[in-house]
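Input: a single structure, listed below in structure tokens.
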Amino acid sequence: MPMNRHALRTLCVLAAATALAVPLSALAQAWPSKQPIKLVAVFPPGGSVDQVARLLAPTLSQQLGQNVIVENKGGASGSIGAAAVAAAPGDGYTFAAVFDTHGVNPSLIPNLPFDSKKDLVPVILIGTSPMVLATYAASEFKTFADVVAAAKSAKGASFGSIGSGSLGHLAMALLGKSAGLNFTHIPYKGGGPLMTDAVAGHVPLSIGSVFVTKPHIDSKRLRPLAVTTSKRAADLPDVPTVAESGFAGFEAPAWWAILAPAKTPPEIVKRMNEEINKALKNPDVAKRLDAQGIDVAGGTPEAARVFIERQMDIWAKVVKDNNIKPD
């Protein structure tokens, strides 16, 4: 009996889908035997993104039986490196190591050459870290309450961050807007210059990650006043959170994640996610991330996507409400 047109069309569609699935499945099974894997750190050498990438690379190389090479592609708050990865082939041989600026850039940088939600897929959230609001040793600010009191006065309070549109800048803008506090922002070109001025007392307050700030707290040149996560930092257990200091619900974590080009086969994204989760449980890797003040997250690609997109939504509103512009 002749096959009807509908049945024939269905059969053709199934055959086409099968033909497409076979190369993808073969690609996923062969991965990563073809060539070295490139992990693009979207900031220059020396910063936390570079260090996270270089910490993961040798362990992943060992687990995968393939070289994992870190390539630094910094500039424009990480968007230049992210754009390069978004444009790379989706073959599982190029990934990006990004920082929290990835969640801010879509609302801060006009005409980004890629769509952060459509052109890149999250592989895993590596971890989060509090930012620390600190002041120099001889400062008049002894507690976070002193900062709030100053910010309520006509004079207000000045703080430095690693740059306009950085998460520290946005966190203080969010705090100022929601609580009616008067803060003046002093942007720096990165954590190094900020800390140089902060310890010398040239800027009254600084906000930066635990990674950047803690060495100067340990040397007693900076006094920590508050942290920006909902829970106290394990490395700074005596330092109160902003939330517990009268600003319930306040949370602004620094974070690190691994992304892939959107066309990367889901099987490869899943495998890379599993391998990084395994690497994060490696005692040496976990210990070294902890030494950088990073609370390891791990988990599924979907959990990473939900977290990152929520960060994008939160900070887009802060950028708009405060008319914040990039440097």
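The table below gives the values:
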| read-out | value |
| --- | --- |
| Test: V239 is assigned by TED's automatic domain parsing to the domain that holds A171, touching a residue at least 24 places away in the same chain (Cβ under 8 Å) and either assigned to a loop (DSSP other than H, G, I, E, B) or within 30 Å of P187 (Cα to Cα) (or both) | yes |
| Flag for K287 being in contact (Cβ under 8 Å) with a residue 12 or more places away in the chain and of a type outside the set (G, A, S) | no |
| Of all residues in region 202-256 being surrounded by fewer than 18 Cβ atoms within 10 Å (Cβ to Cβ) and among the polar types (S, T, N, Q), the one that is farthest from L39 (Cα to Cα) | S245 |
| Among (1) of a type outside the set (F, W, Y); (2) touching a residue at least 12 places away in the same chain (Cβ under 8 Å); (3) surrounded by fewer than 23 Cβ atoms within 10 Å (Cβ to Cβ) - the single one A149 does not satisfy | (2) |
| The listed residue being under 29 Å from A173 (Cβ atoms), touching a residue at least 24 places away in the same chain (Cβ under 8 Å) and basic (K, R), out of K270, K320 | K320 |
| In region 138-164, residue farthest from the chain's Cα centre (by Cα) [restricted to those that are part of a strand (DSSP E or B) and among the small types (G, A, S)] | A157 |
| Evaluation of A198 against (1) surrounded by fewer than 23 Cβ atoms within 10 Å (Cβ to Cβ); (2) among the small types (G, A, S); (3) in contact with a Ser or Thr (Cβ under 8 Å, 6 or more places away or on another chain) (one fails), failing number | (1) |
| Of residues in region 60-78 being touching a Ser or Thr at 6+ places or on another chain (Cβ under 8 Å) and at pLDDT below 95, the one farthest from S116 (Cα to Cα) | S77 |
| Where a residue in region 32-44 is within 8 Å of G74 (Cβ to Cβ) and its partner, wherever it lies, is part of a loop (DSSP other than H, G, I, E, B), with Cβ under 7 Å and at least six apart | V42/K73; V42/G74; F43/G74; P44/G74 |
| Listing of strands (runs of 3 or more DSSP E) fully contained in region 24-137 that carry 1 or more residues being among the polar types (S, T, N, Q) and under 30 Å from T241 (Cα atoms) | 120-129, 131-136 |
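The values are calculated or read from the model by the stated rules, or taken from the named source; none is laboratory data. Please read these numbers as outputs of a predicted model, since none were measured by experiment. Ideal geometry is used to build each Cβ from the backbone, glycine not excepted, and the neighbour counts take in all protein chains shown.
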